[in-house]
Each structure stands twice: as structure tokens, then as C-alpha cells.
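See below for the structure under consideration.
Just so it is clear, none of the values below were taken in a lab; they were calculated from the coordinates. Computed from a prediction, not measured in an experiment: that's the story for all the values here. FYI the Cβ positions are ideal-geometry reconstructions off the backbone, even for glycines, and counts take in every protein chain you see.
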Amino acid sequence: MTQLITPQPGIMDITLYQGGKSAIAGRTDVLKLSSNENPLGPVPAAIEAVAAAAADMHRYPSTDHAGLRTAIGEVWGVDPARVICGVGSDEVLQFVTQAFAGPGDEIIHTAHGFSLYPVLINMAGATAVCVPERERVVDVDAILGAVTDATRIVLLTNPGNPTGTILPDADLERLVDGLPERIVLVIDAAYTEYAAGYDGGARFAETRPNVLMTRTFSKIYGLGGLRIGWGYGPQWMIDVMTRIRQPFNLSTVQLAAAEAAVRDTAWVEDCVALNEAQRGRLIGALGQLGVAVDPSQTNFVLARFADGAEAQSAEAALLDEGILVRAAGGYGFPEALRITVGDAAQTGRVIDTLTEWRARA
Ligand SMILES: *Cc1c(COP(=O)(O)O)cnc(C)c1O
């Protein structure tokens, strides 16, 4: 049969997103360090809230998310009226690409930015413009140099994934100042909590007419499976995006969990402390083994081996011990593995495995 119906522009150019592996055939002791999940699991307050909310599942959820937006406003010091909540920050990123770009428009992202961006750009039918980074750090001049009359959006992952690096504050400011105000700058700040002294770009989202910050409950709150994120930006931009947000995009259960989670500030402090200690330990041990690692502002490290073959050999050794990490070839780093920082025991397991692997080589 001839197919007479053609999908919208861009859709057939989409390469399906690859998630981190989560299972190894025949093994029950798998340690999953491939998706930057919280080693402590979900924030306990959210587990309780989900259980309580289950009894109300026959009710439609709030469409304005007022309870959650108020909680976010109180805890993070932002104006609740300028917060938009989505099914993960992924959905907020989709709102912004769909609302502000289409066929003929360009969206700039950087070489090692979040791998979901090309999917979202194609979904909007827009054209992706990928600019290089410099030594695994975002290059502000490369971004500014790529701006054309067709540029509508810049998607910036800060801190970066899979690099783990952060754009120094002065450079971020230079980017914000250098971009014409007709271009939306999205600061995808999924790892903000792990980056000491960083506000996720909130101060720019607060004061500039064209800056949106996106945040997530998937990382430090351990709620990746529940799918909740939020964005903060100028009122006009939030109002535009709200028009294309489905009225019931977040369930009663998601809203209850997120509201309880955000109020548990002690949890965030505990997780940050654990991550800092184990991240330092892991980077130190990798250095001892001759594996290069940049300072990380996230809950993962990008371990750079001598070449692709050595990275594959290390990945195989980890796999033999039931440890899943993320090969970074798809992100443009064939010589690297992205390893999520675990708790003390998990980090010990990674270090021991790689130490034995090195000794055998
Ligand atoms: C994990 C991650 C997110 C979070 O996505 P959710 O949809 O909120 O789960 C966003 N951006 C980057 C760069 C990430 O690594």
C-alpha cells in the first residue's frame, strides 16, 4: 500500500533517545550508575505523600499547580506566578522549543549538550545548530558567533551533561549580555543543587526578558521515575508556554510527591554532602589510576581513558562486576565513560573493580 500521509517536518529525522541501561541478563546484584540517579533512592517525604495521594486518584488534579508552585517559590526564593511545571524538565524544554521555534528557525546547542535536544528540535521542525565546546567547557564565543537572523533559541546545559563542567559565572553573564533579547536563552540547570554556589541561572531568569531556567525533581530528589520538573522565567514567556501545556499534565500523585519533596531541604543538604564526599573520592581514585577527570559540578564524573579501546575494556570490566555506567560515545566522547556517583559502598565497588582492571592490564 502506498503511504499517502506525510508526518510533519522534522519528525522522521528524529533518532530515538537512548536511556541508560538498567539490567544485565542473569544478574541480580546490578549497580546502575548509568542515569545519574540518587543512590539514596527517592526522598522519603515523597514516598509518604504518594501513598496518601493514592486515595484521591479518582479526582482530577489541579490544573494550575498552585500548591507546588507556592512550595517551589518559598523554598527556592522565586515568584510562584512565574513558575511552570512539567512532566520532567524534558516537558518544559519541549514547551519552549514548540512555542518559540518552527520550520526555518534555528536552535543553537553545544557539542556535548543534553542528548534530548536534537529530538526536541526536530519535534518542533526547527534546525539544530551545534557549536563546539572548548576543552569540554561551553564556549560562549562559539555560541555568540553562531547567532543568525534565524536563531530563535539557545539551549545551554549548565552544569553540562556528560561533561560535568560548569560555565564560570562571569562567562554565563557574558553569554546572557551578548545574546540579542529576541533570542530565548534556556539554562537547563538539572544539576544545580550539586554545584556549590550556583543558583541555576535564577538571577537571570528573574531579571531578563528572554531567559528561562529549567529544574528537575529527577536528580537530587530521586524522583526520576515520577517525572516532574519546572521552569522559571519572565511572566510573558510562562504565559505563552502555559497555553500549550495540557491542563492535566501532572497527576495528583506527581504534584503531592513534588510538593513534599521540595519542602524537605534537609534531604538536599544530606545528598549534597554525600555526593561531594564520594565524588571527590572517585575523582581522586581515577586520577591515581591514570584516568583523566575534569572537576565535576554534578552527581557524575566523565572518566576519560587513553582511547576508545581502553574505555571499552574498562566498561567490560565494570559490567563483569555487575556495574552499569554510560558509554559516552553517543555524546562525542568515545574514549570516556560517564559514571554516576554512588554512596560509599557503591563508590568502593567501582574503585575496586577499576583498580583490579588496571592491575590486570
Ligand atoms: C537528567 C537531566 C534532565 C532532567 O530531565 P527530567 O525530564 O526532569 O527527568 C534535564 N537536563 C539534563 C541535562 C539532564 O541531565
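Packing, as the average of other Cβ atoms within 10 Å across residues, places the peptides 212-225, 233-246 in the order 212-225, 233-246, highest first. Between the C-alpha center of region 40-101 and that of region 313-361 there is a gap of 34 Å. Distance from the alpha carbon centroid of region 125-196 to that of region 281-308 works out to 24 angstrom. The charge dipole of region 242-361, taken about its Cα centre with unit charges on the Cβ atoms of Lys, Arg (+1), Asp and Glu (-1) only, comes to about 380 debye. Across region 186-251, Cα pairs under 8 Å and at least six residues apart give a relative contact order of 28 percent. Among beta bridges from DSSP that stay inside region 45-264, the antiparallel ones total about 35%. Relative contact order of region 176-303: 22 percent, from C-alpha pairs under 8 Å at least 6 residues apart in sequence.
The listed peptides 188-201, 70-83, 99-112, ordered by packing as a protection proxy, come out as 188-201, 99-112, 70-83 (highest mean of other Cβ atoms within 10 Å first).
Measuring nothing but how far apart in sequence close Cα pairs (under 8 Å, 6+ apart) lie, relative to its length, region 45-264 scores a relative contact order of 30 percent.
A Cβ-based charge dipole, computed about the Cα centre of the chain with Lys and Arg at +1 and Asp and Glu at -1, lands at about 540 debye. The residue list VAL262, PRO159, HIS112 was ranked by how far each Cα lies along the charge dipole of region 45-264 toward its positive end, using unit charges on Cβ atoms, and VAL262 comes out on top.
The packing ranking, built from the mean of other Cβ atoms within 10 Å per residue, places the peptides 273-282, 37-46, 295-304, 127-136 in the order 295-304, 37-46, 273-282, 127-136, highest first.
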